[in-house]
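Working notes, structure below.
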Amino acid sequence: MARDVPEGENLSRTRLGKLIEQGAVKVNGAVLRDPRAKVVMDDHVEIEVEEAQESHILPEAIPLDVVFEDQDLIMINKPAGMVVHPAPGSPSGTLVNALLAHCGDDLSGVGGMKRPGIVHRIDKETSGLLVVAKTDAAHHGLAAQFEKHTVERYYQALVYGVPDANDPRLRGVKGASFEAGNILKLTTGLARHKTDRQRQAVLFNAGRHAVTRARTVARFGTPPVLALMECWLETGRTHQIRVHMTHAGHGLIGDPTYGGKRKLPKSAFLEPVQEQIRAFPRQALHAAILGFEHPVTGETLRFEAALPTDMQTLLDALSGRAT
């Protein structure tokens, strides 16, 4: 039945199913009870959609770095350390709490609730760009673009080692291949780890299809033992870049879950720089570019966020520009 809802109403299958459960849908005057029911030509369908309800999540006046905002969506440059959505371990202080306070009455409702529409997430300790819907129409349109993998998403990551097409070890890694321009392509399945529920695991006959591409932007050390990578996503799975780069043997600096800490040759960097590398407190990953089509106006939007201070400071030290 969802296919017959006028496009401008932006009612998803999930939303429509809930309205049917609530008895808010009538066909030819009779309340519809079966969400799988089909309608035929000339059927008269009534859908009663109530005003959006207030969210149970409390607004909190937390400063936000707003990159762009209009009546339909808001683009945030999220700092490392901020959780996107409340969860049992993080009931407050999240991006959603902050957005509820920032947007106030501008939220017209997503899924029947006055709440921001989260269509994608970045990890707590990952910094960078994240787009959020303020209306059902924007949420519906953005979700469709993420599902079709048409959203442009580029990340910057500092990793151990230097991926190279001439590395025989890397060419032997299952799921790894190279494209023109020394672009590393990683293609695997990803699923929750069987014994550690906080981790994702690489699979090849199961899990969700995941594709990451990465190219080396800069090399650091004497000899080169670290690299700044530009990574972009064809799919967007939990921890995708972190687990894929670790699978390739190039875990992220500071990643407590996948990257760990590696002992570098003493000749690679002076000891103060070695200490900065060891002490980096989070995965060195930043969502730098986000581009998509505006879900309501159709305008092409593309945003960039500079490296945060902690990653830039480390990058300067690695480059010998520290003062």
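Counting only Cβ charges, +1 for Lys and Arg and -1 for Asp and Glu, the dipole size of segment 152-250 around its Cα centre is about 420 debye. Model label sites at Lys174 and Arg262, defined 7 Å from Cα along the beta-carbon direction, differ in position by 2.2 nm. Please state the shape class of segment 54-148: rounded when a/c is under 1.5, otherwise prolate if a/b exceeds b/c and oblate if not, all from the C-alpha gyration tensor. Rounded shape, in that the Cα axes give a/c under 1.5. Grab every C-alpha pair in segment 170-323, bin the distances at 10 angstrom width from 0 up to the longest one, and report whole percents. With a bin width of 10 Å, the distribution comes to 10, 34, 34, 19, 3, 0.
With the highest mean first, a sort of the peptides 234-246, 171-183 on other beta-carbon atoms found within 10 angstrom per residue produces 234-246, 171-183.
No value in this document is a laboratory result; all are computed from the given coordinates. Just so you know, these numbers come straight off a predicted model, no measurement behind them. Glycine also receives a Cβ, built like all others from the backbone with ideal geometry; neighbour counts cover every protein chain displayed.
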